[in-house]
Amino acid sequence: MEQDYIKLIFGLKLKQIRTDKNLSLFGLSKLSGLSKSYLNEIEKGKKYPKPDKIAILSEKLDVPYDQMVSLKLDKNLAPIGELLQSKILKEIPLELFGIKESNLIDIIANAPAKVNAFISTIIEIAQHYSFSRESFFLASVRSYQEANNNYFDDLEQQVLKFSKAYQVDLSKPITSKEIEDILVEEYGYSIKENELDKHEALENLRSVFVPKTKTLLLASGIDEAQRVFIYAKEIAYNFLEITDRLYTFPWIKFEVFEQVLNNFYASYFAGALIIPKQKLTLKLETVFEKEVFNKAQFVAILESFNASPESFYQRLTNILPKAFNLQNLFFLRFTHKAGSERFYLKKELHLSHQHSPHANETNEHYCRRWVSLKVLKDISKSKKTHEFDVQISNYDSDNTKYLVLSSATKDPFKDNQYRSISVGLLINKQLERKIKFLKDKNITVKNVGVTCERCAIKDCSIRQAPAVVLEKAAKNKKTEKIVEALNTKFEF
């Protein structure tokens, strides 16, 4: 076991024993003859005492020697031990968030009982919501994106550097053939198709990379946009010299957090290469400067890049905060099976501090007034390959309004399955300055909720469930008022 862990556990146990006996550090120093500064270093996990010093502490504190040196923790400290023994603190690069591991250890050492309660709460929540290790790491990456407004200039500059080095014209749509030639000639790739189709269990995979032979296996069903994105990610791994990476797309497993983070870096690089910042910014300006929103023009911009709607909307979350200073936005990806009434929120990103809309883990029914769900219903009933709509969503309960752009497409790998991608922009003074068409009367305005169970909208014709959460809260409030009235009545 790591020496740091052993030191910290001994320090935590010593501090717990000392505080249980109502001794200050000064008091323990006087009792044991050991200096106060030395004892402080021990309790912080910075020093481990020699056997003779442990014997003195054991005698003076009236605690068996074996109990003091044992790594077994009582129930009050056990969760902290689990955290410190786990690989989480090692796997997540804390420096990414500007945190030193030593600072965390100091916090734990200074308030073990309170930190233990906090850790226990997190563990309980994680278990209650089946919060997996994968979910934890993905949430960490999402927090990293949000902290940086999902814009990473170093990656943007690397894309420009790559385009110059390999003479890739960013003013024109990039083709898969163009990138494939670089992978093969520059990086020694061998690309094989149809191999994945021989294995039914791999039906959800688009690609598999075999590092030993630099062989990239592709599913036959991928379209041109997916192919370009897969190739661009491989370019990113090589050009950015990333070795600790994931080998399947979509990923099926990872060993450490670094692989998840590097997957994000590669995806960001790919998006920036396929949808260049300058080109997209100029195109968006032509839409935003008009008094009336032109749906056809916006869809034409989306289709002008060799990218899927998801890649395009993801790229919007990079460009809008940086180029237009529109930092209060959200990104949602829903999936839906035709004929069903279930909608699944598979991906979300919130650059604003607003809570709505958001995923729920309690099987509640998402508001059917969302344009994200509307376009899914529309495309599942039509023969179109792409449904697009725009809506102003008014969250009355939060006193917020969003301009929401949403696209829906068919899942090419699953029968009767569809997905929608949406970006919502918080309507505030900044958005009103940047986007001229907000008062366009052709844009539908709807009062919306988050889930039916929490929605106060009356007489909603598409409500899927009663507002049980609100009803319970109202009942509790009524009970509280009656109790207050009774207290007033009988207090004299």
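At-a-glance table
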item	result
Some residue of region 87-99 being more than 30 Å from Ala147 (Cα to Cα) and either in a helix (DSSP H, G or I) or at pLDDT 70 or above (or both)	no
So Lys7, is it more than 21 Å from Lys72 (Cβ to Cβ) and in a helix (DSSP H, G or I)	no
Tally of residues being open to solvent by less than 40 Å² (accessible area, probe 1.4 Å) and under 17 Å from Ala55 (Cβ atoms) across region 12-39	9
Region 284-293, residues that are out of contact with any strand residue (DSSP E or B) (no Cβ under 8 Å at 6 or more places or on another chain), touching a residue at least 60 places away in the same chain (Cβ under 8 Å) and of a type outside the set (Val, Ile, Thr)	Phe288, Glu289, Lys290, Glu291
Elements of type helices (runs of 4 or more DSSP H) contained in region 272-325, each with 1 or more residues being within 24 Å of the chain's Cα centre (by Cα) and either under 19 Å from Ile443 (Cα atoms) or of a type outside the set (Asp, Glu) (or both)	277-288, 309-323
Qualifying residue in region 349-371 (condition: free of Cβ contacts under 8 Å to residues at least 60 places away in the same chain and more than 25 Å from the chain's Cα centre (by Cα))	no
Single unsatisfied condition, Ala296 versus (1) in contact with a helix residue (DSSP H, G or I) (Cβ under 7 Å, 6 or more places away or on another chain); (2) over 30 Å from Gly449 (Cβ atoms); (3) among the small types (Gly, Ala, Ser)	(1)
Top-ranked residue in region 404-414 [being touching a residue at least 40 places away in the same chain (Cβ under 8 Å) and more than 14 Å from Ala338 (Cβ to Cβ); ranked as most open to solvent (accessible area, probe 1.4 Å)]	Pro412
Qualifying residue in region 442-463 (condition: surrounded by 13 or more Cβ atoms within 10 Å (Cβ to Cβ), touching a Phe, Trp or Tyr at 6+ places or on another chain (Cβ under 8 Å) and charged (D, E, K, R))	no
Search result, residues across region 181-199 that are assigned to a helix (DSSP H, G or I), touching a strand residue (DSSP E or B) at 6+ places or on another chain (Cβ under 8 Å) and over 16 Å from Tyr247 (Cβ atoms)	Val184
Residue within region 230-238 that is assigned to a helix (DSSP H, G or I), touching a strand residue (DSSP E or B) at 6+ places or on another chain (Cβ under 6 Å) and closer than 22 Å to Ser308 by Cβ present	yes
Residue match in region 418-434 (condition: on the phi > 0 side of the Ramachandran plot and open to solvent by 20 Å² or more (accessible area, probe 1.4 Å))	no
Selected residue (only one of Glu200, Glu224, Glu234 is open to solvent by 60 Å² or more (accessible area, probe 1.4 Å) and under 22 Å from Val159 (Cα atoms))	Glu224
Members of region 370-391 found to be crowded, with 20+ Cβ neighbours inside 10 Å and outside any helix (DSSP H, G or I), listed by number	Trp370, Glu387, Phe388, Gln391
Selection count where residues are crowded, with 17+ Cβ neighbours inside 10 Å and either of a type in the set (A, V, I, L, M) or not in a loop (DSSP other than H, G, I, E, B) (or both), scope region 145-155	2
Some residue of region 202-224 being closer than 27 Å to Ser304 by Cβ and part of a helix (DSSP H, G or I)	yes
Residues satisfying the stated conditions in region 203-215, i.e. loosely packed, with under 14 Cβ neighbours inside 10 Å and without any contact (Cβ under 8 Å) to a residue 60 or more places away in the chain	Val210, Pro211, Lys212, Thr213
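The values are calculated or read from the model by the stated rules, or taken from the named source; none is laboratory data. What you see is a predicted model, and the numbers here were worked out from it, not measured in a lab. Please note: Cβ atoms are built from the backbone with ideal geometry, for glycine as well, and neighbour counts cover all protein chains shown. Keep in mind that these areas ignore ligands, DNA and RNA; they rest on the heavy atoms of the full protein, side chains included. Shrake-Rupley method; radii C 1.70, N 1.55, O 1.52, S 1.80 Å.
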